[in-house]
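In what follows, a structure is listed as structure tokens, so that the remarks can point back to it.
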Amino acid sequence: AGFKLTSCDNIVFRNIFFDELWQWEDGISKAASKIGDYDAFGWSYFKIGFCGYVWIDHCKFGKSYDGQIDYANANYHSTKGTSFRAPYGANGKKGLSITWCDFAAGSDDKDGYLYKMMNKLEEEYQSGTITALYYKALRDKGISFDDILYGLAIPQKKGFLIGDDQDYKEDNHVEYDYNLELNVTFANVIFTNLEDRLPKVRGGNVYLHNCIADSTEYY
């Protein structure tokens, strides 16, 4: 499961283990742009916008589909097809604190969901019934099951996004201003086998204190 927080103040999440928010993505379309399109779902354990004083403490995180936590004051303009609107009076300038948390990639435990999922794909490949074109293409090129498991499936691609895209053009650039004053603190946090975005900062201020980042296993 994941949480979406909008217009919330003074929220604490503590002593929760988050996991299993990932699946192998493989479009069945033969169009190249559809095969293995990484951002089709965009699942994260937390998506936080226009919030203040959010504290995530002593939590553990496994592999997620997109990023593990996104903290951004998203585009709230009345764009066609967009239902989200900025709340009256919201400025999103308060803080997010992440303390004493462990962020990790997936597990190769043969009783775990990730291994079972990948093993199912391999069984379908061996039987000739596979519909996952990207997985099939990798295997047809001689890439082994273990190479796919440890090189693609287990590592966590993205960690954290701070601030929203600045592509939306508006005379007053209010979206940019709303993200510029985000404040995020990571303290006493361990990042294991995350590939990038530790964090990616599109706007705001980020402080990292006494953190450990170790991706040597999948270097």
For this session: Starting from segment 50-72, keep only residues that are polar (S, T, N, Q), then list their pairs with residues that are open to solvent by 10 Å² or more (accessible area, probe 1.4 Å) and part of a strand (DSSP E or B) whose Cβ atoms are within a distance under 7 Å, requiring at least 6 positions of separation or different chains.
Result: 64/21
Problem set entry | Test: residue in segment 24-45 that is modelled with pLDDT of 90 or more and of a type in the set (D, E, K, R) | no
Problem set entry | In segment 155-170, the residues that are aromatic (Phe, Trp, Tyr) and either over 23 Å from residue 205 (Cα atoms) or modelled with pLDDT of 90 or more (or both) | 160
Exercise. If you go through segment 111-132 one residue at a time, do you hit one that is farther than 18 Å from residue 98 by Cβ, open to solvent by less than 60 Å² (accessible area, probe 1.4 Å), among the basic types (Lys, Arg) and at pLDDT 90 or above?
Worked result: no
Exercise. Would segment 171-180 turn up any residue that is modelled with pLDDT of 90 or more and either of a type in the set (A, V, I, L, M) or in contact with a Pro (Cβ under 8 Å, 6 or more places away or on another chain) (or both)?
Worked result: no
Exercise. Which residues, taken from segment 105-148, are outside any helix (DSSP H, G or I) and in contact (Cβ under 8 Å) with a residue 24 or more places away in the chain?
Worked result: 105, 106, 107, 108, 131, 132
Exercise. What's the number of the condition residue 145 fails, among (1) modelled with pLDDT under 95; (2) more than 22 Å from residue 59 (Cα to Cα)?
Worked result: (1)
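The values are calculated or read from the model by the stated rules, or taken from the named source; none is laboratory data. This structure is a prediction, so every number in the text was calculated from the model and none was measured. Methodologically, a virtual Cβ is constructed for each residue, glycine included, from the backbone with ideal geometry; neighbour enumeration extends over all protein chains shown. Ligands, DNA and RNA are excluded from the accessible area calculation, which covers all protein heavy atoms including side chains. Shrake-Rupley method; radii C 1.70, N 1.55, O 1.52, S 1.80 Å.
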